[in-house]
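J.: A single structure is presented below for examination.
The values are calculated or read from the model by the stated rules, or taken from the named source; none is laboratory data. The model shown is predicted, which means the values in this text are computed figures rather than measured ones. Note: ideal-geometry Cβ built from the backbone for every residue, glycine included; neighbour counts use all protein chains shown. Calculation scope for accessible area: heavy atoms of the full protein, side chains included, ligands and nucleic acids excluded. Shrake-Rupley method; radii C 1.70, N 1.55, O 1.52, S 1.80 Å.
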Amino acid sequence: MSIRDVYIVDAVRTPIGKFGGALAQVRPDDLAAHVVKALVERSPALDPARVDDVYFGDANGAGEDNRDVARMAVLLAGLPVSVPGVTVNRLCGSGLEAVIQAARAIALGDASVAIAGGVESMSRAPWVLQKPERAFPAGHQQLHSTTLGWRMTNPRMPAEWTVGLGEGAELVADKHGITREQQDAFALASHRKAAEAWEKGLYADEVVPYPGVDLARDECIRDATSMEALGRLKPSFRPEGGTVTPGNSSPLNDGAAALLLVDEDGLRETGREPLARIRTSAVTGIEPQLFGLGPVAAVRRALEKSGRSFADLRAFELNEAFAAQALGCLAEWPELDPEIVNPRGGAVAIGHPLGASGARLAGSVAHQLAAAGSGTGLAALCIGVGQGLALVLER
């Protein structure tokens with residue numbers, strides 16, 4: 001059996017909304033449906049019934065995104081009911097995992113045309129209540145927020161594995177001696193690059209605003225922030241001696257992203273030039289408390305599998321869950337030119353809607369390679385509970 005080439009024809013995303021912001025009134029299944037519909041409409045020569053499957057990442061899945069949000073997106077977008085959908089969960093890597101699984105299906109001949117993406121509404125993530133151990137409890141019951149992080153933790157887990165995400169970022173800062181000033185400088189650069197990218201119209205080809213919502217640009221970008229403003233923020237996770245603050249961490253967000261993937265036959269049917277070709281991927285594990293360094297080994301493995309090196313990269317999108325986490329990864333890739341990383345801003349400024357972020361990164365790399373005309377690109381994320389995921393694209 002021969003392995004088929006897999007092409008990314010197009011990639012779209014919503015503007016990323018802030019927690020409780022412009023997209024907070026939009027259900028996650030509607031956000032997902034919006035990017036699916038927009039993606040299909042941008043390839044009018046392709047019969048929507050030709051879509052073999054829709055893969056969507058979703059990290060929480062505890063609210064309106066339950067019951068297989070990928071299938072809900074298909075139905076709400078008005079695609080033929082014959083088009084199936086599957087939802088995947090690799091926490092922060094879910095959107096990229098969806099792209100990888102869709103590409104794998106096409107490469108093996110199980111599909112010719114697929115849509116892959118991700119969605120998250122952290123604003124609308126519900127509280128959940130566990131069933132009591134016995135009937136008719138007399139005491140108070142605890143509600144758990146599903147917005148972010150550990151909940152209903154298994155007591156068999158070692159305590160060091162179940163630290164909060166912010167404390168995990170502090171551990172990375174400890175490991176690599178990353179200072180508060182370095183983290184704030186990284187965050188400031190992320191905001192400035194994102195603001196400049198929007199000013200230059202670099203996101204015009206991929207962002208599709210949600211109809212009826214007054215949000216044309218990523219909502220968390222702070223154009224006027226400064227080192228002084230960032231320096232006034234207090235540490236969030238270690239009151240004494242901490243370095244991780246709201247200013248050098250990614251915010252809580254809402255958003256969705258989707259990509260159109262095809263083989264050679266599907267490419268001819270779209271009548272379009274592809275943005276990029278998928279080359280290979282890799283996933284690795286690490287101690288859960290050091291989740292922020294998860295991409296280190298995954299990126300090296302993906303590059304090795306693709307026969308490429310850091311010197312070959314023209315575009316690199318690394319999810320900025322925390323400035324400390326991103327800086328920790330960069331410290332372990334001394335061969336990498338940091339100037340090519342997140343040239344249009346990263347998640348500290350743009351936002352991190354968990355299940356959507358990986359698809360956003362893959363789409364951004366594809367658009368950057370198309371703009372450059374040729375080259376190799378890479379998208380990577382750290383993942384809570386200790387994993388790293390990476391995808392290599394080429395044009």
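J.: Could you please find all residues in the stretch 248-272 being part of a helix (DSSP H, G or I), surrounded by fewer than 24 Cβ atoms within 10 Å (Cβ to Cβ) and not acidic (Asp, Glu)?
T.: Within the stretch 248-272, LEU267, ARG268, THR270 qualify.
J.: Moving to a separate point now. Of everything in the stretch 1-21, what is crowded, with 18+ Cβ neighbours inside 10 Å, hydrophobic (A, V, I, L, M, F, W, C) and in a loop (DSSP other than H, G, I, E, B)? Give them in sequence order.
T.: First, pick out the residues of the stretch 1-21 that are crowded, with 18+ Cβ neighbours inside 10 Å: 4, 6-19, 21.
When the remaining residues are screened for being hydrophobic (A, V, I, L, M, F, W, C), the result is 6, 8-9, 11-12, 16, 19.
Listed by number, the residues that qualify are ILE16, PHE19.
J.: For the stretch 165-191, what are the residues that are free of Cβ contacts under 8 Å to residues at least 40 places away in the same chain and closer than 13 Å to ALA349 by Cβ?
T.: The one that is free of Cβ contacts under 8 Å to residues at least 40 places away in the same chain and closer than 13 Å to ALA349 by Cβ: ALA189.
J.: How do the pairs read when you match residues in the stretch 219-247 that are closer than 18 Å to LYS18 by Cα with residues anywhere that are among the polar types (S, T, N, Q) and surrounded by fewer than 20 Cβ atoms within 10 Å (Cβ to Cβ), using Cβ under 8 Å and keeping only pairs 6 or more apart or on different chains?
T.: Short answer, once both residue conditions are applied: THR245/SER236; PRO246/SER236; GLY247/THR225.
J.: Further question: What strands (runs of 3 or more DSSP E) completely inside the stretch 28-137 contain at least 2 residues that are open to solvent by less than 20 Å² (accessible area, probe 1.4 Å)?
T.: Details: elements: 53-57, 85-88, 113-121, 127-129.
Fully inside the stretch 28-137 and qualifying: 53-57, 85-88, 113-121.
J.: When the residues of the stretch 340-382 are filtered to those that are in a strand (DSSP E or B) and touching a Gly at 6+ places or on another chain (Cβ under 8 Å), which remaining residue is surrounded by the fewest Cβ atoms within 10 Å (Cβ to Cβ)? Give the steps one after another, and end with the answer.
T.: Start the filter on the stretch 340-382 by keeping residues that are in a strand (DSSP E or B), which leaves 341, 376-382.
Now narrow it down to the ones that are touching a Gly at 6+ places or on another chain (Cβ under 8 Å): 379-382.
Values: ALA379: 31, ALA380: 28, LEU381: 31, CYS382: 33.
It comes out as ALA380.
J.: Please give the number of the condition PHE316 fails out of (1) open to solvent by 10 Å² or more (accessible area, probe 1.4 Å); (2) aromatic (Phe, Trp, Tyr); (3) within 25 Å of LYS18 (Cα to Cα).
T.: Of (1) open to solvent by 10 Å² or more (accessible area, probe 1.4 Å); (2) aromatic (Phe, Trp, Tyr); (3) within 25 Å of LYS18 (Cα to Cα), only one is false for PHE316: (1).
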